Amino acid sequence: MSPKPRPPAARPPRSKPRSTAAAPPAAPIASAEPPSRLQRDLLPRIVELLRLDGAEPGHRITEAAMARRLQVSRTPVRAALKHLAERGVLAALPGGGLTPARPLDQVADAEFASVGVEIDVWCSRMARDRLSGALPPQVSEADLMRRYDLGRPLLLRILNKLAEVGLVERLPGHGWLFSPVNDPAAIAESYAFRRLIEPASLLEAGTRIDRAWLAEMRRRHEDMLTRTWSEALAVSLFEMNADFHEGLVAASGNRYLLLAIQQQTRLRRYTNYEWRYGPERVKVSCRQHLEIIARLEAGEVEVAAALLRQHLDLARTVSLGPR
């Protein structure tokens, strides 16, 4: 038997000549893994909070302060801030912390959106198109793919997310049926559900209201009252409102109550980003929230729960009024 041929000796790598020219600026480092679902949900909320603050380049952002405002732990906030820095929305400060890389009103959501945020954007668009009548109540996947220029995998993720909050249901074959979520019966059911969940959450034995969160909520509502109303504030108003109601439920410490109200928030976010009720209704809503905050600051939890119930009843009456 002839001996096996020996592999050729490895050549030493050639040394590259040193260049005296300055190296080009490094591109943002890609994350080792995409953001989690919670982190994806935090991305637009963080950017919106900074926009509400009027944060400019040089404004220091810390994960501890942001976690306190969002009422979540520092770990997902740290990852979300890192994602925003990797996308070039935020930049590091020499002394630690982060700052907006440029004015945030110049930043489009697509610049930092992960796939999860992109899906939310598509969900909102399809919901608005259905509510406006641009989409029929029953539609096929092929029709949706043509209308929105989407591939089937992404379309199915969008439709499945809409199905999670009851906006669509799958029909036999490749058809989908939109639910009449904005009809009077659906609106009444949504408020009836929230009326059961939210005041009861405040009365839970384990409820602990974070005073720093209450102070932040007070500041945001007072700031909203000082602004001249315009349609451009509709999204900020909705997100402040959602943060307020979710925060009250989160204080119960009951994860199932929080998950239930978060599902309602997603449903409302897809269908209610516009504001149809005028600037006076904004003032009424903010003042009612501020009264609830004042009662909680005074330790009057039962009074706050009763005021919350009245607030939801009035909101239901307004929502079911002339459309």
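The values are calculated or read from the model by the stated rules, or taken from the named source; none is laboratory data. Please read these numbers as outputs of a predicted model, since none were measured by experiment. For neighbour counting, all protein chains shown are included, and Cβ atoms are generated from backbone atoms with ideal geometry for every residue, glycine included. Accessible surface is based on the protein model in full, side chains and every heavy atom, while ligands, DNA and RNA are left aside. Shrake-Rupley method; radii C 1.70, N 1.55, O 1.52, S 1.80 Å.
Some observations on this one:
- Top-ranked residue of the range 275-300 - restricted to ones that are under 16 Å from R218 (Cβ atoms) and among the charged types (D, E, K, R), ranked as surrounded by the most Cβ atoms within 10 Å (Cβ to Cβ): R295
- Of all residues in the range 163-187, those being among the hydrophobic types (A, V, I, L, M, F, W, C) and out of contact with any helix residue (DSSP H, G or I) (no Cβ under 7 Å at 6 or more places or on another chain) number 5.
- Residue tally, condition surrounded by 15 or more Cβ atoms within 10 Å (Cβ to Cβ) and touching a residue at least 12 places away in the same chain (Cβ under 8 Å), over the range 126-143: 8
- Here D313, D223, D243 are screened, and the one residue that is modelled with pLDDT of 85 or more, out of contact with any Pro (no Cβ under 9 Å at 6 or more places or on another chain) and over 25 Å from L42 (Cβ atoms) is D313.
- L162 being among the hydrophobic types (A, V, I, L, M, F, W, C), closer than 21 Å to L259 by Cα, open to solvent by less than 10 Å² (accessible area, probe 1.4 Å) and outside any loop (DSSP other than H, G, I, E, B): yes
- Residue match in the range 189-208 (condition: within 23 Å of R69 (Cβ to Cβ), polar (S, T, N, Q) and open to solvent by 10 Å² or more (accessible area, probe 1.4 Å)): yes
- The one condition in (1) at pLDDT below 90; (2) within 30 Å of A251 (Cβ to Cβ) that G173 fails to fulfil: (2)
- Set side by side, the residues A212, A242 differ, and just one is open to solvent by 20 Å² or more (accessible area, probe 1.4 Å) and either in contact with an Asp or Glu (Cβ under 8 Å, 6 or more places away or on another chain) or in the same structural domain as A200 (by the TED database) (or both), which is A212.
- From the options P180, P184, P153, residue that is touching a residue at least 60 places away in the same chain (Cβ under 8 Å) and either open to solvent by less than 20 Å² (accessible area, probe 1.4 Å) or of a type outside the set (A, V, I, L, M, F, W, C) (or both): P184
- Residue in the range 301-323 that is surrounded by the most Cβ atoms within 10 Å (Cβ to Cβ), counting only those that are in contact (Cβ under 8 Å) with a residue 40 or more places away in the chain, part of a helix (DSSP H, G or I) and among the hydrophobic types (A, V, I, L, M, F, W, C): L308
- Hits in the range 165-175 - residues which are within 18 Å of R266 (Cβ to Cβ) and either open to solvent by 70 Å² or more (accessible area, probe 1.4 Å) or more than 22 Å from the chain's Cα centre (by Cα) (or both): E169
- For the range 226-247, the count of residues that are assigned to a helix (DSSP H, G or I), farther than 26 Å from D120 by Cα and of a type outside the set (F, W, Y) is nonzero.
- Scanning the range 91-125 for residues that are crowded, with 16+ Cβ neighbours inside 10 Å and modelled with pLDDT of 80 or more turns up G97, L98, T99, P100, A101, L104, W122, C123.
- Residue identified as free of Cβ contacts under 8 Å to residues at least 24 places away in the same chain and part of a helix (DSSP H, G or I) among Q288, Q262: Q262
- Near pairs, Cβ below 6 angstrom, 6+ apart or cross-chain, from the range 65-83 (touching a residue at least 60 places away in the same chain (Cβ under 8 Å)) to any residue that is open to solvent by less than 90 Å² (accessible area, probe 1.4 Å): R68/A212; R69/E216; Q71/W213; Q71/G247; Q71/A250
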